[in-house]
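First the structure, in the form of structure tokens, and then the observations on it.
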Amino acid sequence: MLDNKGLVIAGVTDGRGRELPYTEGDADPEMGSPLTVTLNGARRIVVTYHSAPGAEALQWLSPEQTAGKRHPFLFSQGQPTLNRTWIPTQDSPGIRQTWEARITVPEPLKAVMSGDRLTPEGEPAARGRAFRFRMDNPVAPYLIALAVGDIAFQPLGPRTGVYAEPATLPAAAAELVDTERMVTAAEALYGPYRWGRYDMIVLPPAFPYGGMENPTLTFLTPTFIAGDRSLVGLVAHELAHSWSGNLVTNAVWSDSWLNEGFTSYFENRIMEALYGTGRAAQEEALSFADIESALKELGAAAPGTRLHDESGADSSGIVYDKGAAFLRTIERTVGRERFDAYLRSYFDRHAFQPMTSARFLADLRANLIRGDQALERTLRLDQWVYQPGLPANVARPEPRAFAPVDAAARAFNAGGRVAALPFAGWNTAERLRFLNALPRTLPKQRLAQLDRSFGLSGIGNSEVLFAWLKLAIANRYEPAIPAAERFLTSMGRRKFVAPLFEALAAQGEWGRPIATRIYARARPTYHSVTSTTVDKTLGGG
Ligand code: BES
Ligand code: ZN
């Protein structure tokens, strides 16, 4: 039985020309229609099929949607359950497979996939050029990924490099100069990188995520390119998934904190190793503030705030931030040295295997706690994993991380002058901290001063622009709408797009018409992941 969602199946054989009977089950809107093949003793099956034009994993971009504007582009996004729309496979994160592929594309396009790239320049084929790929490590099927376009490559280090459209490549490579050092730092923490190369591809702005940890080839949004490497936590994150996620994989999506929470913790450790404790402490504090605002919004008893979450809520960052806070709490309780040794052994013991919350807790008890009753009581493991909210033993971030920014925000909120703010001297994390601390009831003239003094509506840093636009929309600050419209029609990253449309829609008779008008233009440029989410707020196009 294979997963199948919308595949157009021409036939199934045993590979020697003998037809095998098959049936397609009832279609579930999420999961699709299982393809059941009767083996009749066959040990191999060959499915001949094509994907449907609307296959949700695939986004087919017109030349206008690329940086170069001359060639079309295609990319896939498998996680969590989309790969069944273009590959008939057993599409569960609890299953692993090796794979091989040969992809033929028209000249002058190139194809890259998330496995060893055996023919970097391609080889002559009947209708264009063919590229061959192989993944010898067993991986979960959601990690099979493909991108096709006018793509060039630039090496960054002995085993790292970046692919992008030629127009994007120089800026991408400059932003990513530290990647090789990140791989080395990650290995020093938790053991050898087991995937050969670590390359990345910077995709056109329609890519619906910040990043996707496709093995050997992380997929990245171009919106992380800030010019000052201030958003490369994203790269540390996707790299960390080479251990937490790709080596040890959540067996079910309701345990996705085992992928994302571990990875967010690991990301922060890589950032600390490269850039020091100050930057890591600031990023930890931003993440902690995100937990607090999520708990405030959802309520500390909301089922969606559990790490092991069967509610299907899935939209909050709780599995990332609370998951990381959980591991940090263990680290600070048992000491870093001991916890690092444990984590390293955890990745070794469970490499290339699925993991569940229950198995992780059993492993932790067997290999770290080892019957220490006092430690067991202190940690509150079951509460952390199975209960909503934040346990009382949570390790809190260093309050000094943002002390001067918090003081400046307090002074400003008490009526202080814009000219007194040292915004220009603040780094990205500090700017985000400041903007997120401002009230949603600012007078128009105060917003105008902020905008004018710091060039917020025209700022190139996507995270800072996003924080500013959230603030501006919540305050019904009309002069920021052209900037919001530019942003929403120039990229399709769901993390930015969905909250901005939600913020507009929440502003009733002022914001909803603006949202509807912008969405009518933007929707056709979005990946299904993004448009499906926004449709829930604004209705489909
Ligand atoms: N694996 C995720 C992306 C993902 C999550 C795809 C859920 C499909 C379903 C990726 O590693 C990720 O977490 N990306 C984040 C960036 C990160 C720095 C928090 C993103 O896309 O913003
Ligand atoms: Zn992730």
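The values are calculated or read from the model by the stated rules, or taken from the named source; none is laboratory data. Please read these numbers as outputs of a predicted model, since none were measured by experiment. Here Cβ is always computed from backbone atoms with ideal geometry, including for glycine, and neighbour counts include all displayed protein chains. Areas reflect the complete protein model, heavy atoms only, side chains present, ligands, DNA and RNA absent. Shrake-Rupley method; radii C 1.70, N 1.55, O 1.52, S 1.80 Å.
Between the residues Val319, Ser264, Ser230, the greatest Cα displacement towards the positive end of the dipole of the chain, with unit charges on the Cβ of Lys, Arg, Asp and Glu, is found for Ser230. Accessible surface area normalised per residue over the chain is 42 Å², counting heavy atoms of protein chains with a 1.4 Å rolling probe. Taken about its Cα centre, segment 496-541 carries a charge dipole of roughly 120 debye when the Cβ of each Lys and Arg holds +1 and the Cβ of each Asp and Glu holds -1.
Positive end of the dipole of the chain (Cβ unit charges, origin at the Cα centre): among Trp99, Ser453, Ala301, the Cα lying farthest that way belongs to Ser453.
Placing +1 on the Cβ of every Lys and Arg and -1 on the Cβ of every Asp and Glu, with no other charges, gives segment 196-260 a dipole of roughly 140 debye about its Cα centre. Within straight-line reach of Lys495, meaning a Cα separation under 22 Å, sit the following lysines at least 8 residues removed in sequence or on another chain: Lys296, Lys322, Lys470, Lys536. Ranking Leu500, Pro422, Ser33 by Cα position along the charge dipole of the chain, where only Lys, Arg, Asp and Glu carry charges on their C-beta atoms, puts Pro422 farthest toward the positive end. Multiplying the residue separation of Ala448 and Glu24 by 0.36 nm and removing their Cα-Cα distance gives an extension gain of 146.8 nm.
For Lys444, the aspartates and glutamates whose Cα comes closer than 16 Å to its Cα, not counting residues fewer than 8 places off in the same chain, are Glu478.
Each residue, Ala10 and Ala374, gets one label point 7 Å from its Cα in the Cβ direction; the gap between the two is 7.1 nm.
For segment 395-471 versus segment 31-54, the spacing of their alpha-carbon centroids is 54 Å. Each Lys and Arg adds +1 at its Cβ and each Asp and Glu adds -1 at its Cβ; summed about the Cα centre, the chain shows a dipole of about 680 debye. For segment 439-448, 3J(HN,Hα) computed residue by residue from phi via the Karplus equation (6.51, -1.76, 1.60; θ = phi - 60°) reads x, 8, 9, 8, x, 3, 5, 5, 5, 4 Hz, glycine and proline entered as x.
Solvent-accessible surface of protein heavy atoms, probed at 1.4 angstrom with all chains present, puts Glu24, Glu284 in the order Glu24, Glu284, largest first.
The residues His50, His527, sorted by heavy-atom accessible surface at 1.4 Å with ligands and nucleic acids left out, run His50, His527 from largest to smallest.
The packing ranking of peptides 356-363, 498-505, highest mean first, is 498-505, 356-363, where packing means the average number of other beta carbon atoms within 10 angstrom of each residue. Taken over the chain, the ratio of Cα radius of gyration to 2.2 N^0.38 Å equals 0.99.
Using r as the Cβ-Cβ distance of Ala407 and Gln154, and R0 as 45 Å, what FRET efficiency do you calculate, to the nearest 0.05? So the FRET efficiency works out to roughly 0.55. Thr333 contributes about 60 Å² of solvent-accessible surface, heavy atoms of the protein only, 1.4 Å probe. Cross-link reach is defined here as a Cα-Cα straight distance under 17 Å, omitting same-chain residues fewer than 8 places apart; for Lys69 the lysines meeting it are Lys110. Computed with a 1.4 Å probe on the full set of protein chains, the accessible area for Arg194 sits at about 80 Å². Could you check what % of the DSSP bridge pairs in the chain are antiparallel, to the nearest 5? If I count the DSSP bridges inside the chain, around 75 percent turn out antiparallel. Estimated at the nearest 10 Å², the accessible area of Asp372 is 70 Å² with a 1.4 Å probe.
Centroid-to-centroid, using Cα positions, segment 122-158 and segment 165-239 are 17 Å apart.
With the helix formula -39500 (n - 2.57) applied to DSSP H stretches of n ≥ 4, the chain reaches a computed 222 nm mean residue ellipticity of -12000 deg cm²/dmol. Put simply, the Cα atoms of segment 202-315 extend 40, 30, 28 Å along their principal axes, the longest span coming first.
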